[in-house]
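The values are calculated or read from the model by the stated rules, or taken from the named source; none is laboratory data. This is a predicted model, so every value here is computed, not measured. Cβ placement follows ideal geometry from the backbone for every residue including glycine, while neighbour counts extend to all protein chains displayed.
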Amino acid sequence: MLSKHGVSATDIYRVSQADKKEKDLLKMRPGQTLEFEIREDTKELHKLTLVKNKLEKIEFARNEKQFNSSRIVREPDIVQTYKESTINSSLFVDGLKSGIDQRLLIEMANIFGWDIDFALDIRKGDTFSILFEEKYLDGEKIGLGNILAAQFINNGRMYQAIRYETNTSTSYYTPDGLAMRKAFLRTPVEFTRISSKFNPNRIHPLFKTSRPHRGVDYAASSGTPVKSAGDGKISFAGKQNGYGNVVIIDHGKGYTTLYAHLRSFAKGTRKGARVKQGKIVAYVGQTGWATGPHLHYEFRINGIHKNPITVKLPNDDPMPKKELKKYLPYAQKITSLLEGYHSPDYQQKLASVRN
Ligand SMILES: [Zn+2]
């Protein structure tokens, strides 16, 4: 591009030397702009500017026989915006209709995902409100920021989440300071239906004898990813008789989870490996005693089998007391801010939930 405009190979070399460390010019992408100033008579390059995006540019300014680079960053104005929506057909259809960006809807579904199963629990008439940030530059909207607070009224229950930054991390909390994130996912797999419930007195479909079913079977197509329900350490990954390929994860504090009939294991799944919540550990199959592809999932506390669908899941690590003292007044402030925006319809719905 530069030589096309008559810039000498020497100048191009010099400017590339100024870019040696950050390599911004080498990492240019389609859509980014280059601005340059060239002396009309000598074609000497005077200044080169790479406009990376609306907020960031890199300037290479001539200083005799070399170029000095400097990064110029602009901060957008942050504007708080409020939206609310009522669900008639689906979260996405109605959310988008209310002018809420898809990215925000996905984030909101993730924030409430431990309490609300967005595939199964959503009812017509559910309603929600969010307070979020929009970024503006010279009066023009250029993007979205964070969700500051959100409320979701699902099937007659109200959930509220507030974004808060502690010393160690940023997360969403209830107005009382409990983490929205639970220590365990309710379901470790995207399933089509529950093919067999937790039942201590079940007749086994293959053996026709009384055999307790100490887990839940989630029907899913072969190869569907299976995620670790919580942070932990793999205590077993291999074959075990009727279970076929099975993974057992020890989550500490007496909690273990088991995933059976797997087709195969994910990379890195082996005894002793540490896993985070949501990490893919294996894939659905029908190894062992299984009549079709499904995940058999067990949840144990101190060795005792619990029903994974109904077991009370422990909260994530609570907020430290010192943080909580700072958090509570903030939560109160943001809650009243959110409530100040509610439409009369929304207020009525909220009142009916509280009474
Ligand atoms: Zn089963």
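Where residues in the stretch 233-262 are of a type outside the set (G, A, S) and not in a strand (DSSP E or B), which of them is farthest from A183 (Cα to Cα)?
N241
Go through the residues of the stretch 294-302 one by one and say whether even a single one is away from the ligand (no atom under 16 Å from the Cβ) and without any contact (Cβ under 8 Å) to a residue 40 or more places away in the chain.
no
When only residues in the stretch 210-223 that are small (G, A, S) and not in a loop (DSSP other than H, G, I, E, B) count, which is modelled with the highest pLDDT?
Taking the candidates together, the pick is A219.
Restricting to the stretch 147-169, and then to whatever is closer than 17 Å to G113 by Cβ and polar (S, T, N, Q), can you tell me which residue is modelled with the lowest pLDDT?
So the residue we want is N155.
For the condition assigned to a loop (DSSP other than H, G, I, E, B) and closer than 18 Å to I304 by Cβ, what is the one hit in G230, G278?
The match here is G230.
Residues of the stretch 210-227 being touching a Gly at 6+ places or on another chain (Cβ under 7 Å) and of a type in the set (S, T, Y), which ones?
Within the stretch 210-227, S222 is the sole residue that qualifies.
Return only the number of the condition from (1) surrounded by 19 or more Cβ atoms within 10 Å (Cβ to Cβ); (2) more than 20 Å from D94 (Cβ to Cβ) that T166 does not satisfy.
(1)
Using the structure shown, decide if A183 is at negative phi, among the small types (G, A, S) and surrounded by fewer than 17 Cβ atoms within 10 Å (Cβ to Cβ).
Answer is no for this residue.
From (1) assigned to a loop (DSSP other than H, G, I, E, B); (2) buried (at least 19 other Cβ atoms within 10 Å of the Cβ); (3) within 14 Å of the ligand (Cβ to nearest atom), pick out the condition that doesn't hold for F207.
So the condition that F207 fails would be (2).
Every residue, every condition in (1) touching a residue at least 12 places away in the same chain (Cβ under 8 Å); (2) surrounded by 10 or more Cβ atoms within 10 Å (Cβ to Cβ), yes or no:
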{"position": "Q32", "(1), (2)": "yes, yes"}
{"position": "E35", "(1), (2)": "yes, yes"}
{"position": "R39", "(1), (2)": "no, yes"}
{"position": "K43", "(1), (2)": "yes, yes"}
{"position": "L50", "(1), (2)": "yes, yes"}
{"position": "K54", "(1), (2)": "yes, yes"}
{"position": "F60", "(1), (2)": "yes, yes"}
{"position": "K65", "(1), (2)": "yes, no"}
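What are the pairs, 6+ residues apart or on separate chains, where a residue within the stretch 195-223 that is closer than 19 Å to T257 by Cα has its Cβ under 9 Å from a residue that is away from the ligand (no atom under 13 Å from the Cβ) and acidic (D, E)?
Y218/E190; A220/E190
Each row is one residue, and each column tells you yes or no for (1) modelled with pLDDT of 95 or more; (2) part of a strand (DSSP E or B); (3) of a type in the set (K, R).
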residue: R270; (1), (2), (3): yes, no, yes
residue: V284; (1), (2), (3): yes, yes, no
residue: L295; (1), (2), (3): yes, yes, no
residue: F299; (1), (2), (3): yes, yes, no
residue: P308; (1), (2), (3): no, no, no
residue: K312; (1), (2), (3): no, no, yes
residue: E323; (1), (2), (3): no, no, no
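Output the number of the condition that D217 fails; it satisfies all remaining conditions of (1) within 25 Å of the chain's Cα centre (by Cα); (2) within 11 Å of the ligand (Cβ to nearest atom).
Result: D217 passes all but (1).
Counting just the residues of the stretch 66-88 that are touching a Lys or Arg at 6+ places or on another chain (Cβ under 8 Å) and part of a loop (DSSP other than H, G, I, E, B), which one comes out farthest from T49 (Cα to Cα)?
Here the answer is N88.
Condition check ((1) touching a Gly at 6+ places or on another chain (Cβ under 8 Å); (2) touching a residue at least 60 places away in the same chain (Cβ under 8 Å); (3) surrounded by 13 or more Cβ atoms within 10 Å (Cβ to Cβ); (4) not small (G, A, S)) across all residues:
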position: I12; (1), (2), (3), (4): no, no, yes, yes
position: K27; (1), (2), (3), (4): no, no, no, yes
position: V73; (1), (2), (3), (4): no, no, no, yes
position: S85; (1), (2), (3), (4): yes, no, yes, no
position: S89; (1), (2), (3), (4): no, no, no, no
position: A109; (1), (2), (3), (4): no, no, yes, no
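More than 16 Å from the ligand (Cβ to nearest atom), assigned by TED's automatic domain parsing to the domain that holds S222 and in contact with a Pro (Cβ under 7 Å, 6 or more places away or on another chain): is that true of I280 in this structure? Lay out the reasoning, then the answer.
Working: more than 16 Å from the ligand (Cβ to nearest atom): yes; assigned by TED's automatic domain parsing to the domain that holds S222: yes; in contact with a Pro (Cβ under 7 Å, 6 or more places away or on another chain): yes.
So I280 fits the description; yes.
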